[in-house]
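Read through the structure below, which is laid out as structure tokens, and then see the notes.
The values are calculated or read from the model by the stated rules, or taken from the named source; none is laboratory data. What you are looking at is a predicted structure, and each value in this text was computed from that prediction instead of being measured. Positions of Cβ are generated from backbone atoms using ideal geometry, with glycine treated the same way; all protein chains shown enter the neighbour counts.
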Amino acid sequence: MAATKFTVRHILTVNLLPGASGGGGDPSARGVAEPFTVYVCKDTGDVWIADAEGRLLSLSDMLVLGRGLHASLRADIDELKLTMKAIIDMNTKASDYIAWLRERASKRRTQ
């Protein structure tokens, strides 16, 4: 299968994306773009790509969403690490406390 070639177009604003006049800036309401075309918006830096059917997808939004999921996952992992550390510390302290009780009980027996 041959590699798909993309056309890159630089636009000044998002309003210049295909179908922007009817969509009012809403990407889901936009018209169909030329398939396999990448649009780079100069004012915002957003990157849009048209798939094989000409639907526009915002790569910038997908990357932001991915970063948000990554940060959320990282926070969850950090919370799990703290929980595990607390459980280990609790067991260590419990072991120390039991050892102290046994020592105290043995001292009572010898008295």
Query raised in the report: Going by the conditions given, is Gly45 in contact with a helix residue (DSSP H, G or I) (Cβ under 9 Å, 6 or more places away or on another chain) and either modelled with pLDDT of 80 or more or assigned to a loop (DSSP other than H, G, I, E, B) (or both)?
Result: yes
Requested in this report: For Asp26, indicate whether it is at pLDDT 85 or above and under 23 Å from Leu65 (Cβ atoms).
Outcome: no
Query raised in the report: Of the residues that make up segment 59-68, is at least one surrounded by 10 or more Cβ atoms within 10 Å (Cβ to Cβ) and in contact with a strand residue (DSSP E or B) (Cβ under 6 Å, 6 or more places away or on another chain)?
Result: yes
Report summary line: A careful count of residues in segment 1-17 that are in contact with a Lys or Arg (Cβ under 7 Å, 6 or more places away or on another chain), within 10 Å of Val38 (Cα to Cα) and either part of a loop (DSSP other than H, G, I, E, B) or touching a residue at least 40 places away in the same chain (Cβ under 8 Å) (or both) gives 0
Requested in this report: Starting from segment 41-63, take each residue that is touching a residue at least 60 places away in the same chain (Cβ under 8 Å) and list its partners that are outside any strand (DSSP E or B) and surrounded by fewer than 14 Cβ atoms within 10 Å (Cβ to Cβ), counting only C-beta distances under 8 angstrom and pairs at least six apart or across chains.
Outcome: none
Query raised in the report: When you look at Asp51, is it at pLDDT 80 or above, within 25 Å of Thr4 (Cα to Cα) and surrounded by 13 or more Cβ atoms within 10 Å (Cβ to Cβ), yes or no?
Result: no
